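Enquirer: Dropping the structure in here first, questions after.
The values are calculated or read from the model by the stated rules, or taken from the named source; none is laboratory data. Note that the structure is predicted; figures quoted are calculated from it, not measured. Glycine gets a Cβ as well: all are built from the backbone with ideal geometry, and neighbour counts include every protein chain shown. We work out accessible area using only protein heavy atoms, side chains counted, and drop any ligands, DNA or RNA first. Shrake-Rupley method; radii C 1.70, N 1.55, O 1.52, S 1.80 Å.
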Amino acid sequence: MPFVSVVILSAKDSTTVAGTLTGEDGHFHLTEVEVGRHLLNIRFPGYKTLWLGPAMLGPRPPGVLVWETGTLRLESDITALEEAVVVEQATVMEMRVDRKVFYVGSDLTSRGGNTNDLLENIPSVAVDIDGNITLRGSAGVQILIDGRPSGLSGGAREAFLESLPASAVDRIELITNPSARFDPDGTAGILNIVLKKNRLEGISGQLQATYGSGDNHDANASLNYRNSMWSVSSNVGWNDQWMFMAGETDRIQQWSNDSTSESHVMRPGDSHRSSLTGSVRTEWRPQETWTLFAGINGNQGLRNSWDSTTTSEIWTGGALDGVTTEALRHELGDSDSRGGDVFLGFEKQWGERDHKWTFDIRKSVNIQTGENHFTDVSLSQNIPEVFTFNGQRADNQRWLYQTDVELPWGEQGKVEFGAKSTWNQDQTDFTYTEADSTELVGGIFQPWGLDTVNYAFFYDEQVHAGYITAGQTLGPIGMQVGLRAEQVFTSARLDGEGSLGAAPFDNDYFRLYPSLNLFMETNDEHTFSVSYSRRVNRPRGRQLNPYVDMSDPRNFRSGNPFLLPEFTNSYELNHQWQRGKTSLTTSLFFKDTRDVISRFTSSDSLTGVLTSNFQNLGRQHNEGLEMVVMVPFGTTGRLNWTASAFRVVNDGRTLDSPFSSAGFSTSSRLFASWTVGKSWKMQANGFLRGPSVTAQGRFHGMATLNVAASRDLPGEKWQITLQIKDVLNTRRWSYNTETTSFSQEVWRQRESRNAFITLQYKFGKMEERNRRGSRGGDSGGDSGGGDDFMFD
């Protein structure tokens with residue numbers, strides 16, 4: 001653990017004799033300490049304070065000249081004990097030099113859910129109705145799994161996170177200003193999802209099953225084995241969901257013949273999702289300094305949907321004055337996805353400290369197929385029905401090679417350097433119906449010359465990078481600087497028939513990404529940090545693919561293969577105050593982003609069709625304040641409150657239709673955990689997202705509340721959990737869009753208020769494995785090397 005406060009106190013009067021902070025590898029070293037009888041105080045926010053000693057330092061017995069403390073282990077301060085009752089806490093935050101860590105293993109309100117449910121409980125993170133993730137209002141978020149890129153993007157990433165069970169996640173790390181060691185992808189920052197791993201010897205496992213209202217079910221099983229040389233961990237999860245959807249749109253639109261139309265659109269529907277995930281990882285430790293690892297992850301899912309869109313419209317003015325139409329569109333969709341990755345590598349350690357070399361290689365594959373059938377019916381005129389369809393298959397392959405080296409720098413510093421290469425290949429094949437021309441008759445578009453068209457979209461991306469970082473501790477101040485260099489080769493190409501044929505587009509570029517982190521602990525209560533990094537958000541997946549989604553006959557969506565990457569300079573100032581179990585963390589942040597990628601909507605005044613695609617916005621500023629308060633709740637509970645306020649300024653003067661927008665937004669989260677009697681553990685969490693500006697309008701905000709209760713059953717191996725999600729049924733998304741040619745109000749909602757019951761069974765007996773390191777000689781106190789479990 002880096003930057004842990006180590007203070008020597010006089011055993012006589014508790015005055016401070018000397019002090020320092022641990023280096024990035026956790027080591028510390030104090031010299032020229034005055035003679036006397038002393039105590040050692042070890043302190044870090046989020047952990048219980050550790051005391052060692054007293055020990056006599058001096059040249060004559062019983063004194064010693066060297067006090068070897070050995071390996072010290074700190075215990076997380078996340079439990080409260082009363083009458084021998086262990087209280088399971090809500091999500092707990094730990095502040096580190098470059099990140100905030102949220103331990104989500106005890107989050108009852110996400111039990112039986114997926115990883116997206118966990119992300120919704122992380123401060124400053126928002127997950128919208130389509131599974132898109134934003135951080136502090138920005139969409140450029142990179143998702144890592146165990147510190148490595150998941151190899152998934154766009155819809156594939158959303159499907160994977162929805163299929164990954166929450167019970168498989170140990171913690172989530174929020175890194176808003178990553179160092180140069182990390183990929184610069186994600187202008188908003190990084191969310192590192194760390195999966196559970198077995199760190200203790202023996203056999204253990206867990207079975208979990210969830211039954212939910214509305215035919216929402218979940219099951220998960222894990223089995224782990226570990227001895228002194230081998231370890232194997234495995235997990236399999238199944239999820240099956242049925243849900244209804246609803247939405248309405250009210251639109252006012254200008255037409256080229258001086259007519260104005262007012263339309264009301266209703267879109268109810270149902271969907272069914274099912275997924276199966278599995279993973280196996282093994283480690284072999286032939287020597288104390290060598291670790292070889294390998295593993296495989298796999299996932300498979302399917303989705304079926306049934307939608308009906310009813311559009312009622314009336315015209316005023318011009319040639320269409322007084323015309324009214326009503327139309328109905330039926331949509332039947334089927335899709336499935338399957339994918340996974342395989343990886344292997346090694347870790348070599350040598351020397352006394354901070355000598356480490358790692359290498360790993362990973363291959364990821366993901367395949368998605370889907371087909372949609374549409375039937376358009378006019379309810380105002382007796383005209384033939386129109387039948388259309390589209391089908392697609394997306395294949396993604398990703399290779400990753402990475403090596404990293406860590407070396408000591410002085411007594412408490414460290415230097416890291418390494419290289420990484422990734423190669424992404426995407427191919428999407430489409431088959432769909434395309435008309436030579438269309439005419440709006442009776443509220444539906446009558447096609448002329450309807451044909452079946454085939455085309456393929458190819459995207460190739462290579463990223464080759466090298467980096468170096470250096471960190472050093474000088475008294476109470478820690479510092480880390482870094483630089484990353486990247487050469488990127490990208491190529492996009494369309495190959496096919498119809499109106500979508502185009503020439504290839506290549507975009508190669510070289511960039512440098514510096515980073516800086518400063519950390520200072522002024523005393524036992526106050527900690528400060530300052531950070532800077534340069535980030536990039538590369539367009540991928542649906543953002544680049546020019547395929548036109550016509551599932552809504554009046555709203556078409558497509559990508560843009562000519563998008564440029566967006567670059568962000570990010571600055572952040574953090575402060576944490578902690579006294580006992582009460583803490584306050586504040587963060588000031590500022591981000592300046594160029595060539596922002598955003599979705600834009602335009603109107604065709606001849607056909608009335610709205611087309612949405614992605615474009616590069618000129619510039620965006622994002623600045624704000626975030627606060628996290630953690631206090632005890634009663635004698636056995638805990639209360640965590642997070643609030644943030646930020647301002648977003650959009651400058652779109654470089655677009656064909658220039659515009660600018662600016663506005664404030666707020667968000668707040670509240671977690672509470674407590675006990676009822678000696679058996680029941682209770683949790684509640686609420687989320688409020690305030691109104692905010694968008695590129696062409698405004699999001700109106702939303703709120704939700706979840707509650708849960710859990711208790712152990714006789715025998716201590718069984719546990720039951722009851723929970724209700726979205727208790728007040730307020731998880732509804734609504735927004736408006738304003739342009740010179742149209743304005744609209746939209747709301748959408750998925751079935752979100754459900755009740756769940758989860759039954760969990762744990763089996764097996766584990767024992768602590770032997771560790772390297774010695775214990776303190778003459779400390780006379782607890783060195784932390786006894787029966788505590790090892791931290792991951």
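Enquirer: Pulled fully out, how much extra length does the chain show between Ile361 and Ala435, if you take 0.36 nm times their separation in residues and subtract their Cα-Cα distance? Kindly include the intermediate steps, with their values, before the conclusion.
Expert: Numbers: separation 74, 0.36 × 74 = 26.64 nm, distance 4.67 nm.
That pair, Ile361 and Ala435, stretches by 22.0 nm at full extension.
Enquirer: Tell me, what is the 1.4 Å probe accessible area of Glu525, in Å² to the nearest 10?
Expert: 50 Å²
Enquirer: Leaving ligands, DNA and RNA out of it, rank Leu512, Leu610, Leu494 by accessible area with a 1.4 Å probe, largest first. Write down the numbers at each step before the final one.
Expert: On the way: Leu512 85, Leu610 0, Leu494 25 Å².
I get Leu512, Leu494, Leu610, largest accessible area first.
Enquirer: For Tyr571 and Ser228 in one chain, what is 0.36 nm times their gap in residues minus the Cα-Cα distance, to one decimal in nm?
Expert: Numbers: separation 343, 0.36 × 343 = 123.48 nm, distance 4.45 nm.
Working it through step by step, the gained length comes to 119.0 nm.
Enquirer: So, one more: Any idea what the relative contact order of the chain is, in percent, if you count C-alpha pairs under 8 Å spaced at least 6 apart?
Expert: Values: 2283 pairs, mean separation 98.8, N = 792.
Over the chain, the number comes to 12 percent.
Enquirer: Net charge within 12 Å of Gln543 by Cβ-Cβ distance, Lys/Arg positive one each and Asp/Glu negative one each, not counting Gln543 itself? Walk me through the intermediate numbers first.
Expert: Numbers: positive: Arg538, Arg540, Arg542, Arg557, Arg599; negative: Asp426, Glu566.
Taking every other residue near Gln543 into account, the sum is +3.
Enquirer: So, taking all protein chains as they sit and a 1.4 Å probe, how much accessible area belongs to Ser274, in Å² rounded to tens?
Expert: 30 Å²
Enquirer: Grab the other residues whose beta carbon is less than 9 angstrom from that of Trp242, score K and R as +1, D and E as -1, and report the net. Could the numbers behind the result be given before it?
Expert: Values: positive: Arg273; negative: Asp215, Asp240, Asp270, Glu751.
Counting the neighbours of Trp242, the net charge comes to -3.
Enquirer: Once each part is reduced to its C-alpha centroid, what is the distance from the range 429-487 to the range 696-757 in angstrom?
Expert: If we compute the Cα centre of each part, the gap is 29 Å.
Enquirer: Tally Lys and Arg at +1 and Asp and Glu at -1 over the other residues with C-beta under 9 Å from the C-beta of Leu588: what net charge comes out? Present the calculation step by step, with values, prior to reporting the outcome.
Expert: Working: positive: none; negative: Glu572, Glu623, Glu626.
With Lys, Arg at +1 and Asp, Glu at -1, the net is -3.
Enquirer: Now a separate question. A 19 angstrom limit on the alpha carbon distance is what I want to check against. Which of Lys48/Lys196; Lys356/Lys420; Lys681/Lys717; Lys100/Lys725 exceed it?
Expert: Lys48/Lys196; Lys100/Lys725
Enquirer: Would you list Val727, Val280 from the most to the least accessible area, probe 1.4 Å? Don't skip to the answer; put the middle values down first.
Expert: On the way: Val727 45, Val280 70 Å².
So the residues, ranked largest to smallest area, are Val280, Val727.
Enquirer: Mind ranking Val66, Val649, Val536, Val365 by accessible surface for me, highest first, 1.4 Å probe?
Expert: Working: Val66 100, Val649 35, Val536 0, Val365 55 Å².
Descending accessible area places them as Val66, Val365, Val649, Val536.
Enquirer: In deg cm²/dmol and to the nearest 500, what is the mean residue ellipticity at 222 nm of the chain if only DSSP H runs of at least 4 residues count, each as -39500 (n - 2.57), divided by the residue total?
Expert: Values: 2 runs with 15 residues, N = 792.
Only helices count here, giving -500 deg cm²/dmol.
Enquirer: Let me ask something else. For His27 and Phe664, calculate 0.36 nm times their separation in residues minus their Cα-Cα distance, and state this gained length in nm to one decimal.
Expert: On the way: separation 637, 0.36 × 637 = 229.32 nm, distance 4.40 nm.
This chain segment gains 224.9 nm when fully extended.
Enquirer: Once a ≥ b ≥ c are taken as the square roots of the eigenvalues of the Cα gyration tensor of the range 179-301, is the result rounded (a/c under 1.5), prolate (a/b larger than b/c) or oblate (a/b not larger than b/c)?
Expert: Judged from the Cα gyration tensor, the range 179-301 comes out oblate (a/c at least 1.5, b/c at or above a/b).
Enquirer: A follow-up question, please. In terms of the Cα gyration tensor, with a ≥ b ≥ c the square roots of its eigenvalues, is the range 559-672 rounded because a/c is under 1.5, prolate because a/b exceeds b/c, or oblate? Write out the running numbers ahead of the final one.
Expert: On the way: a/c = 3.69, a/b = 2.37, b/c = 1.56.
Because a/c hits 1.5 or more and a/b exceeds b/c, the range 559-672 counts as prolate.
Enquirer: Also, I was wondering about something else. With a 1.4 Å probe and all protein chains kept in place, how much accessible area does Glu738 have, in Å² rounded to the nearest 10?
Expert: In the full protein context, Glu738 sits at about 110 Å².
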